[in-house]
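See structure below.
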Amino acid sequence: MNPKVKLGAVAVLAVAAMATPTAVNAATPADAAAARTASAEPPVFAPPDAESRSRAVTTANATLAARSEAVLKGQNEKFTLSRNISGAYGLQYLTYARTYRGLPVYGGEVVVSTDRAGELVGTVSSGQQARITIDVTSKVDAATAAATARAQLPTVESVAAPKLLVHATTTTPRLAWEVVVTGATAEAPSVLHVFVDALDGSIVDSYDDVHAGTGNSYYNGNPVTIQTSGSSGSYSMTDTTRPGLRCGGQNGSAYTGPDDSWGNGSGTNLETACVDALYAAQTEWNMLSAWLGRNGFNGSGGAFPARVGLSAVNAYWNGSYTSFGRNSANTRQATPMDVVGHEYGHGIFQYSGGSGGSGNESGGLNESTGDIFGALTEHYANQPASLDPPDYLVGEEVNLTGAGEIRNMYNPSAKGHPNCYSASIPSTAVHAAAGPQNHWFYLLAEGTNPVGKPASSVCSGPTSLTGIGIQKAGRIFQAGLNTKTAPWTHAKARRATVAAARSLYPSGCVEVNAVKAAWSAVNVPAASGEVSCP
C-alpha cells in the first residue's frame, strides 16, 4: 500500500496505472442575447437566487393557467410542482405532476422552462396526447393486479402495494394499477414497473429501473485524490461534500478503515474498485457543475451510492444506486471513467424532466444518455494518452467480453449497431438502439472530419458538418433532457434540443442549425412546431 497523504478529509490513494409532444415555444430574453454570442464561452454558472426561483414558480403557475388548453388540462385535473432544477446560464426547468380526480397521471407531467430571472417562459412541454375523460372505478382489485405483475419476473424478492393511476402516454388514457416488482430476470437484477389495466386485467405497459451497462478498468493513474470522510483512526469512503455519494460492497455500506489510504492498485481488489468509482463519480459531478451548470446528479444537489463486487460481467443503475461487476476474464473491476459516467448518466436521465416512458426507443435514448455522459466525463478529465484519454468509445479499456469496446459513438455500425434512425429502432435492443443518438452527439460535437479525432459519415444530407465542441453539445443535450416527457422518442429529442440550442445561444443560429443538421444527418427529420432560426 502506498504511503498516505492527508488533506483533511481528502485522501490521496494508490491506484495502478494499468492496462409527438405538446410544445409551446417563446423567445429567450434580450439581456441573455446581449450577454452571450454564438461563439462565446459561457460565464461562470451562477445558479438563480431564491427570489428568482420563487418568481419562476409564479411565472410557471400563471403559464399553466393561461395555456391549459395547450397541455390538455381538464376541469378534474390539478398540477403540483414536483421538481425545480436549473441549468446552464441559470435557465430554470420546473416539472409539474398531474392528477386526475385525485389519481396520479403517468405521462401527464408538464415541464415549464424560464430564464434565469424566472420571468420569461422558454418552452412548455407535455407528453400527454389526449384529454382524460375516463371513469376511475376499478373492476380489477389490487391483489389481482399484484399477482399479474409478480408473474412478469422469474425471480421475485418483493412486490410493492399496487397504486391506482391513469396511464396517459398513448392516445387512449387508461385506468391502471402500477405495481413495482423487485427481483431478477434470467440475466440481471430488476426493479420492474408493471401497469395492469384496472378494467380488464391486461398488461398495459412496463419499464425497468435497472439499466445494465458495460465495463472498463481501474485506469486513473497512481495516486489519485478522492473526497472521503472521517478523522484519525476512523475513515469512510463516504463523500460528505456530495450528499448521497459513497462506495462499498454489495450490502450498501461504505468501506471503512483505520487510515485514509485506500486500495492496492490491483484490478481484482474491491477497495481499489471503489477508488475508481468515487474518482469518476466526483469528476462527473464537477463536470456537471463546470460545463453544464447542473447541481449534482439529481439536479438538486444530490448524488447516489456506488456498490462494487457484483458477481457478474456487468454494471447497472437500479433507480437508486449504481452497481459494478467485473470483466469476463475476472482480471479487472468494471469501474473506470466512462462506465461509471455511463451508469450515473442513467440517474441523470431519471432526474431530468418528466418520466422517460417504456419501450426500446426510450431505452435506447437512455443508454445513449449514459454513453454521452461517459464521454463528457472523460473529456472533462482530459487524461493523458498513457491513461484513459478522452474518446467516444465505450468500455474499450476493460475488454469486457474479449471483444474490445462495447459501443462506438462515431461509427456505431463498427459494433453492429445502427448509425441511423429508422422505423426498426423501436424494436431494436436498447444497447444497439443507442446508436443513432450517439452518432448525432458525435456529429454535433466534433463534425464529420474533426482534427485529431476519427472521421464520421452521415446517413443523409450534406456530407460535411462542422462540430460546435463537446461542451456546447453537452449543454444543449442536458437542456433538452430537462424538458423530457414520456414517451421519449428521437423526434421529441430533436425538437427539445433544437429549442434548447435556441434558448442557450439566442444571439445567432450557429448552434441551432448545427443541432438540426446533426439530427438530419442520422435520419431524424424536422417535425411541425420545431423552433426556427432566426
Next on the checklist: Quick check: pseudo-label points 7 Å beyond the Cα along Cα→Cβ at residue 133 and residue 250, how many nm apart are they?
Outcome noted: 5.3
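Net charge around residue 266, counting only other residues with Cβ within less than 15 Å of its Cβ (Lys, Arg = +1; Asp, Glu = -1)?
Numbers: positive: 326, 332; negative: 271, 276.
In short, 0.
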Next on the checklist: Explain nothing, just the number: relative contact order of segment 160-306, from Cα pairs under 8 Å at least 6 residues apart, as a whole percent.
Outcome noted: 15
Item to check | Gained length - residue 383 relative to residue 311, 0.36 nm times residue gap less alpha-carbon distance | outcome: 23.0 nm
Checklist entry - For q = 0.15, 0.19, 0.24 Å⁻¹, what log10 I(q)/I(0) does segment 256-365 give under the Debye formula with an equal point scatterer on each alpha carbon and no solvent? => result -0.68, -1.00, -1.31
Item to check | Global size of segment 337-466 as Cα Rg and Dmax, reported in angstrom | outcome: 14.4, 42
Item to check | Partner lysines for residue 453 [C-alpha distance under 23 Å; skip if fewer than 8 residues away on the same chain] | outcome: 415, 472, 516
Item to check | the chain, accessible area per residue, ligands and nucleic acids excluded (1.4 Å, Å²) | outcome: 36
Checklist entry - What whole number of Å gives the distance from the Cα centroid of segment 53-87 to the Cα centroid of segment 499-527? => result 26
Next on the checklist: Can you give the log10 of the normalised intensity I(q)/I(0) at q = 0.08, 0.11, 0.12 Å⁻¹, computed with Debye over equal Cα scatterers of the chain?
Outcome noted: -0.50, -0.97, -1.16
Checklist entry - Hey, what number do you get for the chain at 222 nm if only DSSP H runs of n ≥ 4 count, each worth -39500 (n - 2.57), divided across all residues, to the nearest 500? => result -8500 deg cm²/dmol
Next on the checklist: For a bin width of 5 Å, list the pair-distance distribution of segment 432-526 built from all Cα-Cα distances, rounded to whole %.
Outcome noted: 3, 15, 26, 28, 18, 8, 2, 0
Item to check | Reachable lysines from residue 139, criterion Cα separation under 16 angstrom, eight or more residues apart if same chain | outcome: 163
Checklist outcome for this item: Output for segment 186-340 (equivalent-ellipsoid semi-axes, sqrt of 5λ from the C-alpha gyration tensor, Å, descending) is 30, 19, 15
Next on the checklist: For segment 69-149, take every pair of Cα atoms, bin their distances at 10 Å starting from 0, and report each bin as a whole percent.
Outcome noted: 16, 38, 27, 13, 6
Item to check | Relative contact order for segment 427-534, counting Cα pairs under 8 Å that sit 6 or more residues apart, in percent | outcome: 28
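Per residue, how big is the convex hull around the C-alpha atoms of segment 152-265? Give it to me in cubic angstrom, could you?
184
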Checklist entry - In bins 5 Å wide, starting from 0, what share of all Cα pairs of segment 74-204 does each bin hold, as a percent? => result 2, 11, 17, 16, 15, 14, 11, 8, 5, 2, 0
Next on the checklist: Quick check: with the 1.4 Å probe, what order do 150, 55 take by accessible area, largest first?
Outcome noted: 150, 55
Checklist entry - Hey, which aspartates and glutamates would be in cross-link range of residue 492, C-alpha to C-alpha under 13 Å, not counting anything within fewer than 8 residues on its own chain? => result 361, 530
Checklist entry - Using the per-residue mean of other Cβ atoms lying within 10 Å as a proxy for protection, in what order, highest first, do the peptides 410-416, 252-258 fall? => result 410-416, 252-258
Next on the checklist: With a 1.4 Å probe and all protein chains left in place, how much of the accessible area of the chain comes from carbon and sulfur atoms, in whole percent?
Outcome noted: 52
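The values are calculated or read from the model by the stated rules, or taken from the named source; none is laboratory data. In this text, all values refer to a predicted model and were calculated from it rather than measured experimentally. Neighbour counts are summed over all protein chains in view; Cβ atoms, including those assigned to glycine, are modelled from backbone coordinates with ideal geometry. These accessible areas exclude ligands, DNA and RNA; they are computed on the full protein's heavy atoms, side chains included. Shrake-Rupley method; radii C 1.70, N 1.55, O 1.52, S 1.80 Å.
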